[in-house]
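The values are calculated or read from the model by the stated rules, or taken from the named source; none is laboratory data. The structure presented is a predicted model; accordingly, all values stated were derived computationally and were not measured. Here Cβ is always computed from backbone atoms with ideal geometry, including for glycine, and neighbour counts include all displayed protein chains.
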Amino acid sequence: MTRVVYDPSQIDFDAAGKHHYQVAFHLDSTWGYSLVPLTVINGLRGSASTSVVAFGGTHGNEYEGQVAVKRLCQDLDPATMHGRVILIPQLSETACVANLRVSPQDRVNMNRAFPGNPSGTISYQISHFVKTRIFPQVQVVLDIHSGGNEAIFPICTSFHPISDPRQRAEIATVAQLFDTPFVFLYSSQMASGLLTDEAEAMGKVTIGGEFGYAESTNRKGTLHAYEGVKNVLKHYGILEGDIVKIDPGRPTPPRFVQAVNLEDYIPCPRNGVWEPTVDIGVDVKEGDLLGRLHDFSDHASSALEIRAHRSGPLSMLYFGAVCKKGSTLYVISQDVKL
Ligand SMILES: [Zn+2]
């Protein structure tokens with residue numbers, strides 16, 4: 001049974017067992033609602049010291065998190081659990097339904113809408129709901145993203161540089177529980193108003209990540225997201241059992257890399273058709289050819305060669321063929337020890 005609530009205060013975060021809700025946010029321009037799916041589970045085996053929330057669909061055209069979190073709404077059994085988990089598989093529900101990065105209702109990017117505004121447009125109302133109603137219930141915040149139609153990433157968990165050493169150490173520990181090939185520390189200057197920015201500022205153990213790309217449901221990415229959240233629940237004693245190695249085919253632990261300065265995010269120098277010549281996640285050397293930009297206004301012209309500005313693992317590539325001047329074309333990161 002799923003219950004529709006029109007006032008978030010009607011959500012019972014303490015009720016024993018598993019309870020499915022749809023949180024109704026009235027649309028600005030029609031007689032209708034965005035019904036944001038939310039499941040609250042309180043384990044029947046007693047309490048746990050830490051509570052966790054997992055989000056999918058903060059961006060609507062990124063599916064690994066939507067699928068993994070929805071499956072967890074079904075699969076997690078409160079009879080075998082301790083403590084509390086909150087699952088929100090489609091946070092920007094209107095964007096998810098529309099297969100868009102941003103909500104078609106207000107054209108707002110949910111992952112730039114924090115801390116939100118209770119009297120703003122729908123995305124701001126939802127982000128305000130998350131900040132004021134969800135974040136106070138939990139100590140751990142997991143927000144599962146992928147590249148949408150903008151970028152190709154190697155499968156990774158991610159977080160910002162964090163100044164507090166205890167918070168940073170616990171975040172690094174939790175980031176590894178997803179057993180992704182990479183853990184990516186990225187620049188806080190790239191954007192503001194992120195869900196994870198807000199959670200980090202509130203002192204939460206906060207993990208983001210990129211689990212696929214191309215508006216698809218990446219098989220491995222979904223596996224890492226689903227089993228990764230379960231590993232986090234085991235780490236905090238919410239689920240019983242041992243933490244599993246998610247990708248037994250890769251003997252190495254997650255590799256920590258960082259690109260924390262805007263200079264690491266290289267813009268496309270001119271409009272063109274982008275032809276990448278390397279695979280994501282490989283180690284490139286300074287001067288290596290990464291791709292070519294073609295100008296079809298003169299098919300006899302030679303392509304502009306894009307070469308690595310330094311050595312390191314390739315952590316992001318522009319996804320589409322048609323690339324506009326100024327779009328981030330690639331990111332080369334550096335290994336980092338935490
Ligand atoms: Zn995203």
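Couple of notes before you dig in:
- For the range 177-216, filtered to residues that are in contact (Cβ under 8 Å) with a residue 60 or more places away in the chain and of a type in the set (D, E, K, R), the residue that is farthest from Gly148 (Cα to Cα) is Lys204.
Conditions (1) among the small types (Gly, Ala, Ser); (2) touching an Asp or Glu at 6+ places or on another chain (Cβ under 9 Å), marked per residue:
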{"position": "Ala15", "(1), (2)": "yes, no"}
{"position": "Phe25", "(1), (2)": "no, yes"}
{"position": "Tyr33", "(1), (2)": "no, no"}
{"position": "Val40", "(1), (2)": "no, yes"}
{"position": "Arg45", "(1), (2)": "no, yes"}
{"position": "Ser51", "(1), (2)": "yes, no"}
{"position": "Phe55", "(1), (2)": "no, yes"}
{"position": "Met81", "(1), (2)": "no, yes"}
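- Search result, residues across the range 240-277 that are assigned to a loop (DSSP other than H, G, I, E, B), at pLDDT below 95, under 27 Å from His160 (Cβ atoms) and of a type outside the set (S, T, N, Q): Val260
- With respect to being polar (S, T, N, Q), closer than 20 Å to Thr50 by Cα, within 15 Å of the ligand (Cβ to nearest atom) and part of a helix (DSSP H, G or I), Thr173 falls outside the description.
- Among the residues of the range 203-228, those identified as in contact with a strand residue (DSSP E or B) (Cβ under 6 Å, 6 or more places away or on another chain) and either assigned to a loop (DSSP other than H, G, I, E, B) or charged (D, E, K, R) (or both) are Lys204, Glu210, Tyr213.
- Qualifying residue in the range 282-301 (condition: without any contact (Cβ under 8 Å) to a residue 12 or more places away in the chain, surrounded by fewer than 14 Cβ atoms within 10 Å (Cβ to Cβ), of a type in the set (Gly, Ala, Ser) and in contact with a strand residue (DSSP E or B) (Cβ under 9 Å, 6 or more places away or on another chain)): yes
- Scanning the range 149-176 for residues that are in contact (Cβ under 8 Å) with a residue 60 or more places away in the chain and in contact with a Lys or Arg (Cβ under 7 Å, 6 or more places away or on another chain) yields a single hit, Ile155.
Residue-by-condition table, conditions (1) within 16 Å of the ligand (Cβ to nearest atom); (2) surrounded by fewer than 20 Cβ atoms within 10 Å (Cβ to Cβ):
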{"residue": "Cys96", "(1), (2)": "yes, no"}
{"residue": "Val102", "(1), (2)": "yes, no"}
{"residue": "Gln105", "(1), (2)": "no, no"}
{"residue": "Gly120", "(1), (2)": "no, yes"}
{"residue": "Ser123", "(1), (2)": "yes, no"}
{"residue": "Ile126", "(1), (2)": "yes, no"}
{"residue": "Gln137", "(1), (2)": "no, yes"}
{"residue": "Val140", "(1), (2)": "no, no"}
{"residue": "Ser146", "(1), (2)": "yes, no"}
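- Within the range 1-26, if we keep just the residues that are part of a loop (DSSP other than H, G, I, E, B) and within 25 Å of the chain's Cα centre (by Cα), the residue that is surrounded by the fewest Cβ atoms within 10 Å (Cβ to Cβ) turns out to be Phe13.
- Residue satisfying condition, being modelled with pLDDT under 95 and away from the ligand (no atom under 16 Å from the Cβ), within set Asp77, Asp12, Asp28: Asp28
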